[in-house]
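I have placed the structure first, in the form of structure tokens, so that the comments after it can refer back to it.
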Amino acid sequence: MRTIGKCIVFVGLTGLAACRGAGSRTEDKGSREETSRVPVRIEYAKNFSIREQGRHIRLLTIQNAGNRHASAYRYALLDNEARTDSVPEGYEPLRVPMQRMVCMTTLQLASFIALNATDCISGITSTRHLFNERMQQQLRSGQTAQIGIEGNFDHETIIAIAPQLILISPSKRGGYDVLAESGLPLMPHLGYQEPTPLGQAEWIKLAGVLTGHEAEATAFFDSVATRYQHLAERVKALPEEEPRPTVMSGDMKGGHWYATGGRSHLARIFRDAGARYFMEDNEDAGGVNLDFETVYAQGSDAEFWRISNSFDGNFSYEALAGQDSRFRDFRAFRERKVIYCNMALTPFYESFPVRPDLLLSDFVAIFHPALLPGYEPSYYSLMKK
């Protein structure tokens, strides 16, 4: 399996200048801003927007576009030359580029890893799915601190970090009220709620603006989008007689089957990869909990079954059947077409949010292998035993 570390070099492979690392933070901020500030155009993301307000202020709005009752969060991102009295009413002023931020999830961290900007991350929560060596070194050296988990934050550590911004996940509210009461600036990160994979990936542009890496973020995203669209068009051009297999997704957790909805970015990737999702008629963009009977009725005849977990050892069909003997009845189990990713061995969470082109390639190679002969998977492959 190809290592994701090689994939992150993707920025360099596109001919971009190397991203600025930790050592470059001692550069003159004014010269860095002058060379890196570029107009930021949002094309796919629905849950945030950025617009220029003169030469020194950008206005950022974050709101879940799929929920008309959702609150809108507005920020004025000020460079070093901006005056605070120029901030429009209703916008919270924040100075950029930032040097000290907190990420609550590995999904948020993915953008900073891709931009080689992890030195801006002073605090993170869980390290369960963290593989990046640079972040591991920052944790060992104390440059980045663990701040606990939602509902059980180490407030003394957070205060000591003195973060300029804390990125939060609104669906996980534990402890956020206390953080807000302390006066620390909070910003919701809704990339995981984007309905399309390129929409989620485009949140790297927000990370670029926050850290002064706008140009790198735009170039990185444009290259990913080009690769994704090119492959999706190749799939779309397949002859009508080429079969479009059905794929089911998820597994049992706590007595319920957890899957992603029919309007989720994963369902969109399945469609772009030339497959039909077993919950095609579902209107949910996020996760859904189903009972086994519903899953059996809708997915037992699906040709493929996608599973991900963190398994200690070699996951196998026997291990899968050991979780629930009824799994043996699924067609994908009988025909040995389970698509699997072991999160304990693959840096999936810290990469896939900004690399949907790799995720799409994995599924295309499985559903339509003739399009990608000799392909080496990044995350998912057919389970062999």
**Report entry** Residue list for segment 230-263, restricted to those being buried (at least 17 other Cβ atoms within 10 Å of the Cβ) and among the aromatic types (Phe, Trp, Tyr)
**Finding:** 257
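Among the residues of segment 72-107, which ones are assigned to a strand (DSSP E or B) and of a type outside the set (Val, Ile, Thr)?
73, 74, 75, 76, 77, 78, 92, 93, 94, 95, 101, 103 - these are the residues of segment 72-107 that are assigned to a strand (DSSP E or B) and of a type outside the set (Val, Ile, Thr).
When segment 59-77 is examined, which residues are found to be within 19 Å of residue 211 (Cα to Cα) and either of a type in the set (Gly, Ala, Ser) or in contact with a helix residue (DSSP H, G or I) (Cβ under 7 Å, 6 or more places away or on another chain) (or both)? Before the answer, list the steps.
The first filter runs over segment 59-77 and keeps only residues within 19 Å of residue 211 (Cα to Cα), leaving 59-62, 74-77.
Across segment 59-77, the qualifying residues are 76, 77.
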Query raised in the report: Do we have any residue at all in segment 180-202 that's among the polar types (S, T, N, Q) and surrounded by 23 or more Cβ atoms within 10 Å (Cβ to Cβ)?
Result: yes
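Any residue that is under 30 Å from residue 98 (Cα atoms), in contact (Cβ under 8 Å) with a residue 40 or more places away in the chain and assigned to a helix (DSSP H, G or I) - is there at least one of those in segment 231-254?
Scanning segment 231-254, I find no residue that is under 30 Å from residue 98 (Cα atoms), in contact (Cβ under 8 Å) with a residue 40 or more places away in the chain and assigned to a helix (DSSP H, G or I), so the answer is no.
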Query raised in the report: Filter segment 26-49 for residues that are part of a helix (DSSP H, G or I) and out of contact with any helix residue (DSSP H, G or I) (no Cβ under 6 Å at 6 or more places or on another chain); which is modelled with the lowest pLDDT?
Result: 26
Report task. Please specify each residue of segment 281-312 satisfying the condition of being of a type outside the set (A, V, I, L, M, F, W, C), within 27 Å of residue 352 (Cβ to Cβ) and assigned to a loop (DSSP other than H, G, I, E, B). Result -> 281, 282, 283, 284, 286, 303, 310, 312
Query - residue 158, sole failed condition from (1) under 26 Å from residue 310 (Cβ atoms); (2) modelled with pLDDT under 95 - result: (1)
Query raised in the report: Counting only residues that are over 22 Å from residue 65 (Cα atoms) and among the aliphatic types (A, V, I, L, M), how many does segment 240-278 have?
Result: 5
Query raised in the report: Among the residues of segment 50-58, is any part of a strand (DSSP E or B), in contact (Cβ under 8 Å) with a residue 60 or more places away in the chain and within 13 Å of residue 209 (Cβ to Cβ)?
Result: yes
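The values are calculated or read from the model by the stated rules, or taken from the named source; none is laboratory data. Predicted model, so just to flag it, every value in this text is computed and none were measured. Reconstructed Cβ throughout: ideal geometry from the backbone, glycine too, with neighbour counts over all protein chains shown.
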